[in-house]
Amino acid sequence: MNRRHFLSLLPAAVLAGCAGKSSSKIKLALNWKPDPQFGGFYAADYAKEGLDVEILPGGAGTPTVQMIGSGSAEFGIVSADELLLARSRGNDVVALFAVYQNCPQGIMVHAERGLKSIGDVTREGTLALQSGLAYARILEKQYTFKNVKIVPSPGGDISSFLSDPKFAQQCFVVSEPLAAKKKGAAVQVFPVSDTGFNPYTTVLAVSGDYLKKNPEIARKMTAAAKAGWQAYLDNPKPVNEKMHGLNPSMELETFAEVAEAQKPYIQTGAPLGSMTAERWNTLSKQLLELGDIPSAPKAEECFRALL
């Protein structure tokens, strides 16, 4: 699972081929390995929209936002906060479709501690967080870390969590908690959205220049993504088998479990994939207050509603 936001500095690449023609190969860059958070993109029938799409699997540190900006991939998967940071650095990246309506990151604790809120996590014990994350700084600002020991995030490793009942760690809510439960641990998860920080995640994005020159391709790509996600939510099994073939390190049973567990973060009552100016403005204001961006961009610069 993708749990980190990296903004690498890469040299600009030249976009090859004639992207304006629907018959040209279109690249979609993922920011992690094939797994359920990308299920709808693998389920999408791009040919039905007249598109020839190649999905590029990613991994830790895959700089999709840079790939979009440089033109080495026409489309890519980013997070909303990553997109705002990129735009503040001159990378004109635009969001088209948001899979996760609620941020799927959280803090995992042992249920036996009986904690009532995310603030309780900061009262004692050890908390593993990735340094620099916006929600980590918001958490510290709201509750302070005076009474808790902060250590680096172990990524997907849960061994420290399993051995220490007062160890808490950041997690992807449909990943590490499932792994801990399989090991017999009683787990409680506090979503980071409890802090008020709730960026759209697994966001289909494109460069502003490509969108301006190829609006119909962008519309078709968004339509294919929406249809693909609806199909995957309705029946994930065949696509899970396909992704398992591409990522055999994840058990097929886990694919099914994650596909089910992520549904509440995708199907929230809002239209599938939709975004609002209010959410973008709130996120911009939060990043501005943290000093991560020099100014808050207008919401309409950050996303487009093409459907």
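Coordinate-derived values only; no laboratory data. No experiment lies behind these values; they were computed from the predicted model shown. Here Cβ is always computed from backbone atoms with ideal geometry, including for glycine, and neighbour counts include all displayed protein chains.
Beta carbons within 10 angstrom, averaged per residue: use that to sort the peptides 244-250, 90-96, 217-223, highest first. Write down the numbers at each step before the final one.
Values: 244-250: 13.3, 90-96: 18.7, 217-223: 20.7.
Output ranking for 244-250, 90-96, 217-223: 217-223, 90-96, 244-250.
If you plug each phi of the range 210-216 into the Karplus form 6.51 cos²θ - 1.76 cosθ + 1.60 with θ = phi - 60°, what whole-Hz ³J(HN,Hα) values come out, in order, with x for Gly and Pro?
Those phi angles translate into 5, 4, 5, 7, 9, x, 6 Hz.
Report the net charge of residues surrounding Glu124, where surrounding means a beta-carbon distance below 10 angstrom and charges are Lys +1, Arg +1, Asp -1, Glu -1. Provide the component values of the computation, followed by the final result.
Working: positive: Arg113, Arg123, Lys149, Lys166; negative: Asp120.
That works out to +3.
With label points built 7 Å along Cα→Cβ from the Cα atoms of Ser249 and Ser131, find their separation and express it in nm.
2.4
Any idea what angle helix 252-261 forms with the longest principal axis of the chain, computed on alpha-carbon atoms, 0 to 90 degrees, nearest 10?
80
Can you tell me the 0 to 90 degree angle between the C-alpha axis of helix 134-143 and the longest principal axis of the chain, rounded to 10?
With both axes taken from Cα atoms, the answer is about 30 degrees.
Tell me the angle of helix 237-246 to the major Cα principal axis of the chain, expressed in degrees between 0 and 90 and rounded to the nearest ten.
90
At a Förster distance of 41 Å, what's the computed FRET efficiency of Lys212 paired with Val151, Cβ-Cβ distance as r, to 0.05?
On the way: r = 46 Å, r/R0 = 1.11.
After rounding, the FRET efficiency stands at 0.35.
Would you pull out the residues with amide H under 5 Å of Val151's amide H, same chain only if 5 or more places away, H placed 1.01 Å from N?
Residues meeting the criterion, in which the H sits 1.01 Å from N, are Leu127, Ala128, Leu129.
Using the Karplus equation 6.51 cos²θ - 1.76 cosθ + 1.60 (θ = phi - 60°), what ³J(HN,Hα) coupling, rounded to whole Hz, does each residue of the range 265-279 give in order, writing x for Gly and Pro?
Using θ = phi - 60°, the values come out as 8, 9, 9, 10, x, 7, x, 3, x, 6, 9, 10, 5, 4, 5 Hz.
Where a Cα-Cα gap under 27 Å defines reach, which lysines qualify for Lys149, not counting those fewer than 8 residues away within the same chain?
Partners found: Lys116, Lys141, Lys166, Lys181, Lys182, Lys183.
Along the charge dipole of the chain, Cβ charges K/R +1 and D/E -1, which of Leu272, Val65, His110 sits furthest on the positive end?
Projecting each Cα onto the dipole axis, the largest value belongs to Val65.
In nm, to one decimal, how far is the Glu300 label point from the Ser24 one, both placed 7 Å along Cα→Cβ?
Distance between the two pseudo-spin positions: 2.8 nm.
Highest mean first, what order results for 146-153, 59-66, 131-138, 80-87 on Cβ atoms within 10 Å?
The densest-packed peptide leads the list: 80-87, 59-66, 131-138, 146-153.
What are the GluC sites (Glu not before Pro) within the range 100-170 that DSSP puts in a loop, where the Cβ has at most 15 other Cβ atoms within 10 Å?
Numbers: sites: Glu112, Glu124, Glu140; in loops: Glu124.
Answer by residue number: Glu124.
Run the numbers on the range 105-195 and let me know its relative contact order in percent, using alpha-carbon pairs under 8 Å that are six or more apart.
Working: 153 pairs, mean separation 43.0, N = 91.
Once normalised by length, the contact order is 47 percent.
Checking the table Lys220/Lys285; Lys27/Lys226; Lys48/Lys298 against a 27 Å threshold on Cα-Cα, which pairs fail? Intermediate results must be reported in sequence, preceding the final value.
Values: Lys220/Lys285 32 Å; Lys27/Lys226 17 Å; Lys48/Lys298 34 Å.
Going by Cα-Cα distance, Lys220/Lys285; Lys48/Lys298 fall outside the 27 Å limit.
Based on DSSP H runs of at least 4 residues, each adding -39500 (n - 2.57), what is the mean residue ellipticity at 222 nm of the chain after dividing by all its residues, to the nearest 500 deg cm²/dmol? List each step's numbers first, then the result.
Numbers: 13 runs with 111 residues, N = 307.
That calculation yields -10000 deg cm²/dmol at 222 nm.
What percent of all Cα-Cα pairs in the range 105-195 falls in each 5 Å bin, counting up from 0?
3, 15, 30, 29, 17, 5, 1
For Lys33, which lysines qualify as cross-link partners when the Cα separation must be under 20 Å and same-chain residues fewer than eight apart are set aside?
Lys237, Lys242, Lys263
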